[in-house]
Amino acid sequence: MACKVLVLAEHDATGVRDITWELIGMAHALAGGAGWGAASVKAAVLGQGADAAAAKVAARGAAEAIYVEGPALKDYTGDGYSRALESVIRAESPEVVLFGHTPNGWDTAPLVAAGLGAPLATECSAISAAGGKLLFSRKVFNGKFVQSLDLGPAGPRLATVQRGAAAAFGGTTTGAVRKVPSPVGEADLRARFIEVKKGESGGVDLTQAPIIVAGGRGLGAADKFQVVKDLAAALGGQVGASRPVTDMGWLPHEHQIGSSGVTVSPKLYIACGISGAIQHIVGMKSSGYIVAINKDAEAPIFGVADVGVVGDLFEIVPALTKAIKEAKGQG
């Protein structure tokens, strides 16, 4: 079947990155809504020696994994990846091309859009088919508004997608792997890969956490964040934060939730001392169950909470942590 939605699969030495499964999940939802069917979802896997990654993508969501292989694609460069992907798009003529809103996506998507003369919507939180049109939703003005973009009647239409904006594809497929030679040779590259440096913060991926306990400026100081950490540990969850917390250096940036952080949708979200500025709410309002603890009864966070507790978090949170530990037989 003709390709309607093409996903750029991300992978590294450890395997296929989680953002790929989210993109494939969004691709299937879009293909279903537009009436294209699951067989129209394909993925581009670029690299060298990435046969295992291509096979995994084909077995988990892609009707076909188009594996573009060559020495110039062994290591990531925006130059090599963009030109290789352009060739795939020209050959497949998809309606939509999805990239992760990740460092690779930030780099590659604009280059591909420029090379093809195609429209690009960045940092999308949703894509829907309505009235015969495809609408690309993205937050603007620091998350105060949601903008719906119509990128035209025909493809290719390109979009980078926020992490956590779509549920990861969890099924299995019997997709095929089609290997094609890279149209880009090493001598053609204008950029050269040097190395990858990773931070040593030990942070976690909040987009995958089923339980998040988040703290805000209401905690008052970095050393008082321990009550939030203790509750998260008791629940087996992860620690999140609002932007003021990371701006003041109380926690590293990877804990930040909101329009300038990450979008999350855990089963349980507990907000402690977070007033609920719109920039934060847009990043967590799709959580399954929201509990808000704040001494200000007028705090906006209560507007999206399933349960709101008005009171001193330094009395409520430790008591809740103790009760959870006792229920689990931990003391």
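The values are calculated or read from the model by the stated rules, or taken from the named source; none is laboratory data. Here the structure is a predicted model, which means the values were calculated and not measured. As a convention, Cβ positions derive from the backbone with ideal geometry for all residues, glycine included, and neighbour counts pool all protein chains shown. These accessible areas exclude ligands, DNA and RNA; they are computed on the full protein's heavy atoms, side chains included. Shrake-Rupley method; radii C 1.70, N 1.55, O 1.52, S 1.80 Å.
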In the range 263-279, how many are open to solvent by 10 Å² or more (accessible area, probe 1.4 Å) and closer than 24 Å to R138 by Cα? 7
Quick one: count up the residues across the range 248-259 that are open to solvent by 10 Å² or more (accessible area, probe 1.4 Å) and either modelled with pLDDT of 90 or more or in contact with a Ser or Thr (Cβ under 9 Å, 6 or more places away or on another chain) (or both). 8
Is there any pair with a first residue in the range 38-65 that is closer than 17 Å to T14 by Cβ and a second that is assigned to a loop (DSSP other than H, G, I, E, B) and charged (D, E, K, R) whose Cβ atoms are under 7 Å apart and which are 6 or more apart or on different chains, and what are they? G47/K74; Q48/K74
Of all the strands (runs of 3 or more DSSP E) wholly in the range 21-140, which have at least 3 residues that are open to solvent by 10 Å² or more (accessible area, probe 1.4 Å) and either within 30 Å of V282 (Cβ to Cβ) or not small (G, A, S) (or both)? 120-130, 133-140
Would you tally the residues in the range 13-30 being farther than 22 Å from T263 by Cβ and in contact (Cβ under 8 Å) with a residue 24 or more places away in the chain? 1
If only one of I301, I316 is closer than 24 Å to F141 by Cβ and touching a strand residue (DSSP E or B) at 6+ places or on another chain (Cβ under 8 Å), which one is it? I301
Please count how many residues of the range 120-141 are among the aliphatic types (A, V, I, L, M) and farther than 15 Å from P153 by Cα. 2
Only one of (1) within 19 Å of R192 (Cβ to Cβ); (2) modelled with pLDDT of 95 or more fails for D75. Which number is that? (2)
Criterion (within 21 Å of V161 (Cβ to Cβ), open to solvent by 30 Å² or more (accessible area, probe 1.4 Å) and of a type in the set (D, E, K, R)) met by exactly one of K295, K285: K285
